[in-house]
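Please read the structure below before turning to the comments.
The values are calculated or read from the model by the stated rules, or taken from the named source; none is laboratory data. This one's a predicted model, so the numbers in the text were calculated from it and none came from an experiment. All Cβ positions, even for glycine, are placed from backbone atoms using ideal geometry, and neighbour counts span all protein chains on display. Quick note on the areas: whole protein, heavy atoms, side chains included, nothing else; ligands and nucleic acids left out. Shrake-Rupley method; radii C 1.70, N 1.55, O 1.52, S 1.80 Å.
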Amino acid sequence: MTTAPLLTALTHKAGSVTHPRDTACACGTATVTTLADRPDATVVRHADTVAKAHAPGTDPAHLGARLTTASHLPGILLPPLTETPLTLHGRLVTLWPYGTPVDPDDPDAAPWEAAATLLARLHRSPAPTPVPPMRGPEKAARALARLTAAATPHPATPTILRAWSALPAWARAEAPMPDTTTLCHGDLHLGQLVRADGTPGSPWRLIDVDDLGVGVPAWDLARPAAWYACGLLPPDEWTRFLDAYRAAGGPAVPPGGDPWPALDVPARALTVQSAAQAVTKALSAARPLDEVEQSLVDACARMAATPPELPRNLAK
């Protein structure tokens with residue numbers, strides 16, 4: 001994945017921030033570790049400091065605007081240690097305080113209400129500096145491109161492509177989004193929440209500003225909405241999330257009544273994106289789809305047979 005020189009440089013940088021005076025390190029292996037190592041991001045932790053190498057080709061002006069936004073909304077987004085990225089081995093790198101993530105082994109403690117409330121507050125906050133468009137549709141389009149570029153065709157691919165082609169152009173990143181003012185996270189899931197100071201009971205904050213920007217706020221609700229529609233998220237958890245978002249004044253859906261006209265297109269787009277990612281991974285591993293992956297493909301088949309609901313202001 002990441003070249004050894006970059007990983008070494010990231011680790012050294014995180015350590016130098018944690019120990020600025022070259023004091024002896026006694027942090028222990030549990031707090032000096034690689035948190036992620038993917039083509040689009042490499043993240044290392046040294047005690048209370050996290051260093052992240054962003055994807056190759058990241059626009060420095062866009063990243064800088066996103067860092068400034070996080071710094072100015074510390075009650076919603078985890079603020080970076082500095083608003084200015086540095087460069088290591090040709091990659092833009094940012095520095096962050098460490099926060100404790102959601103425990104994936106304790107689904108009953110999933111902070112759905114906190115996630116929804118933070119989203120509502122983000123959506124109601126004016127951007128403190130001009131930011132680029134939210135990258136959700138762009139990421140969905142890239143997932144479809146990787147699927148179609150796979151060397152080995154998959155029987156599910158035509159089904160996924162039919163569901164994709166039924167979406168409006170803006171949801172496929174082929175036209176501007178109809179909302180160009182609402183501040184959005186762009187890639188909301190429970191892995192994007194951390195405890196702000198790393199201790200139990202401290203407030204939750206949103207992390208990962210790579211996709212932050214202005215756009216359709218319903219996109220930030222689309223992943224849990226898609227999981228609910230596919231039967232992967234229990235109805236009570238979906239209701240907790242939606243009710244908390246509405247109670248916090250979130251503008252993505254009406255304050256009462258049926259939320260689905262606002263959510264349908266983004267939820268379909270996230271379902272197609274997830275199905276494309278699942279099939280691409282299965283092809284890469286030369287294995288059949290598992291039960292969850294097949295449920296996403298089945299949802300695409302149902303979607304292709306039913307036109308999406310298009311709210312008047314999003315039907316572009």
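Scanning segment 91-103 for residues that are over 19 Å from residue 48 (Cβ atoms) and free of Cβ contacts under 8 Å to residues at least 60 places away in the same chain, which turns out least open to solvent (accessible area, probe 1.4 Å)?
Top of the filtered list is 92.
Could you list, ordered by first residue, the pairs with Cβ atoms under 6 Å in which the first is in segment 56-73 and in contact (Cβ under 8 Å) with a residue 12 or more places away in the chain and the second is of a type outside the set (Ser, Thr, Tyr) and surrounded by fewer than 16 Cβ atoms within 10 Å (Cβ to Cβ), at least 6 apart or interchain?
Final answer for the pair search is 69/128; 72/128.
Would you check if residue 191 is within 30 Å of residue 50 (Cβ to Cβ), touching an Asp or Glu at 6+ places or on another chain (Cβ under 9 Å) and surrounded by fewer than 17 Cβ atoms within 10 Å (Cβ to Cβ)?
yes
Out of the residues in segment 162-201 meeting the condition of being part of a loop (DSSP other than H, G, I, E, B) and of a type in the set (D, E, K, R), tell me which one is farthest from residue 125 (Cα to Cα).
Result: 174.
Only one of these is part of a helix (DSSP H, G or I), within 30 Å of residue 171 (Cβ to Cβ), small (Gly, Ala, Ser) and open to solvent by less than 10 Å² (accessible area, probe 1.4 Å): 61, 115. Name it.
115
Mind counting the residues in segment 129-147 that are part of a loop (DSSP other than H, G, I, E, B) and open to solvent by less than 30 Å² (accessible area, probe 1.4 Å)?
3
If I ask for residues that are assigned to a loop (DSSP other than H, G, I, E, B), open to solvent by less than 10 Å² (accessible area, probe 1.4 Å) and among the charged types (D, E, K, R), which ones from segment 202-220 would you list?
211
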